[in-house]
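Here the structure comes first, spelled out in structure tokens, and everything after it is commentary.
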Amino acid sequence: MVVLVTGSAGLIGAEAVRFFADKGMDIVGIDNDMRAYFFGASASTNWSREQLQADLPAYHHESIDIRDIEALRTVFRRYGKDIKLVLHTAAQPSHDWAAREPLTDFSVNATGTLNLLELTRESCPDSPFIFTSTNKVYGDTPNRLPLEELETRWELSRDHQFFDKGIDESMSIDSTLHSLFGASKVAADILVQEYGQYFQMKTACFRGGCLTGPGHSGAELHGFLAYLAKCALTGDNYTVFGYKGKQVRDNIHSNDLVNAFWHFFEEPRVAEIYNIGGGRYANCSMLEAITMAEEMTGRNFNWTYSDTHRVGDHMWWVSDTSRFENHYPKWQIKHGIKEIMRAVIEGQSERLFD
């Protein structure tokens, strides 16, 4: 029984490799360390790949670019119907970087996803296909919500339907500013849905908030808590972009997310979409994250403020995970925001100083 994981050395991919290997499954990981190309050598995931290869006899690594359909086809033909799950976590993940190279961004996020869907249909059409999408498919529509300014954060008006649980899947993805990254992820998201609807494949789009954990190779352009933790430990300057530093993000620990994947794998459905994140259980603003980092490291945080917010950035995002919880009531989030922050700091510290 084989699980094929793209982006296998990244935060979610590596967490999934370990999780499914622990379940007794063989893992084929596809990862060519494009994160180093996107964000520089300090963001490389080679350290993670080396750990997986050293720790897990069941892990087999393929250094393949997901845009190379013929190289991918060789892998799919080699394992064929032994592939019982395709877990697609590989991506170009940054708003800002996408604007630098739109063709690269779209080819990785959209064409790469299409390649994997088509090869799954050819080789193992009955196997679930799980895609790590993003809340950026909603563009900046969340910024139209009625928000109130509090001391350390923006907060949704208490009388709004999303206040108690967060934003659900009913929010439109149309007539909004997505950023080029958001647009390429929309294309991939719709393709995953379409292969489910049209070919009755068991596909799921998990539209994540901030995905984080101790295994994140944080960079300035991607990896909110990981990069913040890195700066807290090194004293490097951190720039907060716009919204007074009060923009709110929900954060989900990589293990909680991969556990959700496991539940879907055990009882897959056709063409599903799920908002997934820390929800009301685990969220923070930029200012609140800085305060936590200072408390946990015992160091003053070196940061500056820019009035210019990032294109398509959200002022407030909290995921409503009710749809997934209704379908899979045995799943629950286990990691709160302080526990997550502490784990991220510890993970960064190990790689920086050990």
Consider Ser306 against the criteria (1) surrounded by 15 or more Cβ atoms within 10 Å (Cβ to Cβ); (2) touching a residue at least 40 places away in the same chain (Cβ under 8 Å); (3) not aromatic (Phe, Trp, Tyr): it satisfies all of them except one. Which criterion is unmet? (1)
Got a sec? Which of Lys338, Lys330 is among the basic types (Lys, Arg) and farther than 26 Å from Asp22 by Cα? Lys338
Go over the candidates Asn135, Asn143 one by one and state the one that is at pLDDT 95 or above and either closer than 27 Å to Phe19 by Cβ or among the hydroxyl-bearing types (Ser, Thr, Tyr) (or both). Asn135
Are there helices (runs of 4 or more DSSP H) fully within the range 11-93 with at least 2 residues that are surrounded by fewer than 16 Cβ atoms within 10 Å (Cβ to Cβ)? List them. 46-55, 69-79
Let me confirm something: among Tyr281, Tyr243, Tyr274, which residue is within 30 Å of Tyr198 (Cβ to Cβ), of a type in the set (Ser, Thr, Tyr) and buried (at least 18 other Cβ atoms within 10 Å of the Cβ)? Tyr274
Quick one: would you say Gln348 is assigned to a helix (DSSP H, G or I) and either in contact (Cβ under 8 Å) with a residue 40 or more places away in the chain or within 22 Å of the chain's Cα centre (by Cα) (or both)? yes
Would you confirm, using the coordinates I've provided, whether Lys185 is among the basic types (Lys, Arg) and either modelled with pLDDT under 95 or over 20 Å from Thr120 (Cα atoms) (or both)? no
Exclusive hit being of a type in the set (Phe, Trp, Tyr) and closer than 17 Å to Val258 by Cβ, set Tyr37, Tyr59, Tyr79: Tyr59
Can you confirm whether Phe301 is more than 27 Å from Ala14 (Cβ to Cβ), surrounded by 15 or more Cβ atoms within 10 Å (Cβ to Cβ) and modelled with pLDDT of 95 or more? yes
Whether any residue in the range 246-257 is of a type in the set (Gly, Ala, Ser), assigned to a helix (DSSP H, G or I), within 13 Å of the chain's Cα centre (by Cα) and within 28 Å of Val311 (Cα to Cα) is what I want to check. yes
When you look at Arg18, is it basic (Lys, Arg), under 26 Å from Glu220 (Cα atoms) and at pLDDT 95 or above, yes or no? no
Thr120 versus (1) under 21 Å from the mean Cα position of the chain (by Cα); (2) of a type outside the set (A, V, I, L, M, F, W, C); (3) closer than 15 Å to Cys205 by Cβ: which is the lone unmet condition? (1)
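The values are calculated or read from the model by the stated rules, or taken from the named source; none is laboratory data. Worth saying up front: this structure is predicted, and the values here are computed from it rather than measured. Because the Cβ atoms are built from the backbone with ideal geometry, glycine has one as well, and the counts that use them run over all protein chains shown.
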